[in-house]
Amino acid sequence: MAALLHDGKPGILRTKSESAAGNIRDLHGRRNAICLGLSSYPKMLQPRRNAICEALETFSVQCLAEFRLGMLSMWMPEGSSEFRDAQFPNSFDRITFNAFAWSEDNMFKCLKWVLCESELLKCLKLQEPIVLSFLRQVRMGYAKYSNPYHTFRHAFDVTQFCYLLLSGGDCREVFTKHQCLALIIAAICHDLEHPGTDFAFQNCIESHLSTKYHGCQSPLESHHLSCCRLILDEPDSDVLANFSPEIRLEIIDMIGKCILATDMSIHSDIVKNWHEKVGDGVVNVKASPQELTIMILQMFIKIADISNVCRPWPVSVKWSQSLIDELMRVHDSVLGLGHIPNSFLTSVASEPEKVVYAFSVNIARPLLEIIVQILPRTRPLLSVLDSNANRWIQGS
């Protein structure tokens, strides 16, 4: 696998016939400072901003979503169709995909389509009633907390990006259907019952999660995996029930390795391990074929988890605003407990644009370069990421 070439250039995966890369849209919007909303108040107005944030907490999740969408419409091009409701599975295989244009019901239907009817997985003949039960349990898991960012919609968005990577001919020639299924299930479940905070905050409030996962290397990711396993352990929602015990365990093991790889606290270790064992992907590859397959699947879900940085600008900035909203909730909650927010939360509160820019350039881009090494067809995404990052720092 590692010695394959793609159009004369080194590449870990190749396809017999690569279609030309489509145009990557970069829709223009107004100043993103408006989108940052309350989070970008000057320091002198911090008390006022905090008071407004407290008032906003009394709103329902639906009202908060409408609030963000209303702000978004202030700078979006007039007549834009980017945020209208989409019908599945239209546009599901495009990088310009916009998860915000989908109703929850259509997201649910589309995930069922991916598992049961798509060309990628339909040959596995998963039982539709069990798939529906599985997805209902997943949807309930994400609904446990009212998060701005870590939601069923985020899981849907991550799943779409994984599907996009897997559905190309290059991947179909390399990965088995069981490996594809493992990645899709991992993407669907990777943030199940996310509390909307980091684990440090859970320790601060001495939550049940802090007790249950005390001393665990990847506590939140271990919780997401545990929730996934609980759903799969129920006969009514075990989408893996028809496989042999050996294959079922193999798929569950791959799911676990993929979900745990989304822990950003071990991101640098995972990337370092890739460079040490894979290198340029052509010579001196130290990873075994089986190990390399797992490492690629982990890289796929990792880039999918942060794929908002290489989405079209209006979609990308809306995802960033959702994450900033969630982080600001943690920031204000820490203050409310009488503690001092850490340096990261302080930066989010004072200079959110710089935080997004630094993440895009220092974390997301090197990871995307690895994806381009694996799948050269994804190279155009680098220019989209660069364009988005520059717009954050330029404030336009």
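The values are calculated or read from the model by the stated rules, or taken from the named source; none is laboratory data. Everything numeric in this text was worked out from a predicted model, so none of it was measured. FYI the Cβ positions are ideal-geometry reconstructions off the backbone, even for glycines, and counts take in every protein chain you see.
Screening E326 on (1) in contact with a Pro (Cβ under 6 Å, 6 or more places away or on another chain); (2) free of Cβ contacts under 8 Å to residues at least 12 places away in the same chain shows it passes everything except condition (2).
Taking the conditions exactly as written (among the charged types (D, E, K, R), buried (at least 20 other Cβ atoms within 10 Å of the Cβ) and within 21 Å of the chain's Cα centre (by Cα)), does R377 satisfy them or not? For R377, the condition - among the charged types (D, E, K, R), buried (at least 20 other Cβ atoms within 10 Å of the Cβ) and within 21 Å of the chain's Cα centre (by Cα) - is met. May I ask you to verify whether N203 is part of a helix (DSSP H, G or I) and either within 25 Å of R329 (Cα to Cα) or not β-branched (V, I, T) (or both)? Criteria met by N203.
Taking the criterion of being surrounded by 21 or more Cβ atoms within 10 Å (Cβ to Cβ), more than 11 Å from Q202 (Cβ to Cβ) and not aliphatic (A, V, I, L, M), the residues of segment 213-226 that qualify are E221, H224.
Is it true that some residue in segment 341-358 is touching a Ser or Thr at 6+ places or on another chain (Cβ under 7 Å), under 17 Å from A155 (Cα atoms), surrounded by 19 or more Cβ atoms within 10 Å (Cβ to Cβ) and not small (G, A, S)? No, segment 341-358 contains no residue that is touching a Ser or Thr at 6+ places or on another chain (Cβ under 7 Å), under 17 Å from A155 (Cα atoms), surrounded by 19 or more Cβ atoms within 10 Å (Cβ to Cβ) and not small (G, A, S). Evaluate segment 253-261: report whether one residue or more is within 22 Å of I371 (Cβ to Cβ), assigned to a loop (DSSP other than H, G, I, E, B) and either modelled with pLDDT of 95 or more or under 22 Å from the mean Cα position of the chain (by Cα) (or both). Yes, segment 253-261 contains a residue that is within 22 Å of I371 (Cβ to Cβ), assigned to a loop (DSSP other than H, G, I, E, B) and either modelled with pLDDT of 95 or more or under 22 Å from the mean Cα position of the chain (by Cα) (or both). Between Y142, Y149, the distinction of being surrounded by 23 or more Cβ atoms within 10 Å (Cβ to Cβ), in contact with a helix residue (DSSP H, G or I) (Cβ under 9 Å, 6 or more places away or on another chain) and touching a residue at least 24 places away in the same chain (Cβ under 8 Å) belongs to Y142 only. Could you tell me whether any residue of segment 226-238 is touching a Leu at 6+ places or on another chain (Cβ under 8 Å), over 18 Å from N147 (Cβ atoms), acidic (D, E) and assigned to a loop (DSSP other than H, G, I, E, B)? Yes: segment 226-238 contains one or more residues that are touching a Leu at 6+ places or on another chain (Cβ under 8 Å), over 18 Å from N147 (Cβ atoms), acidic (D, E) and assigned to a loop (DSSP other than H, G, I, E, B). Residue count for segment 307-338, restricted to those that are closer than 23 Å to E206 by Cα, of a type in the set (G, A, S) and assigned to a helix (DSSP H, G or I): 2.
Only one of the numbered conditions (1) modelled with pLDDT under 95; (2) crowded, with 18+ Cβ neighbours inside 10 Å; (3) among the charged types (D, E, K, R) is not met by E173, and that is (2). Taking (1) modelled with pLDDT of 95 or more; (2) of a type outside the set (D, E, K, R); (3) closer than 23 Å to V372 by Cα in turn, G281 satisfies each apart from (1).
Answer yes if at least one residue in segment 175-196 is in a helix (DSSP H, G or I), among the β-branched types (V, I, T) and either more than 22 Å from L124 (Cα to Cα) or in contact with a strand residue (DSSP E or B) (Cβ under 9 Å, 6 or more places away or on another chain) (or both), and no otherwise. Within segment 175-196, none of the residues are in a helix (DSSP H, G or I), among the β-branched types (V, I, T) and either more than 22 Å from L124 (Cα to Cα) or in contact with a strand residue (DSSP E or B) (Cβ under 9 Å, 6 or more places away or on another chain) (or both).
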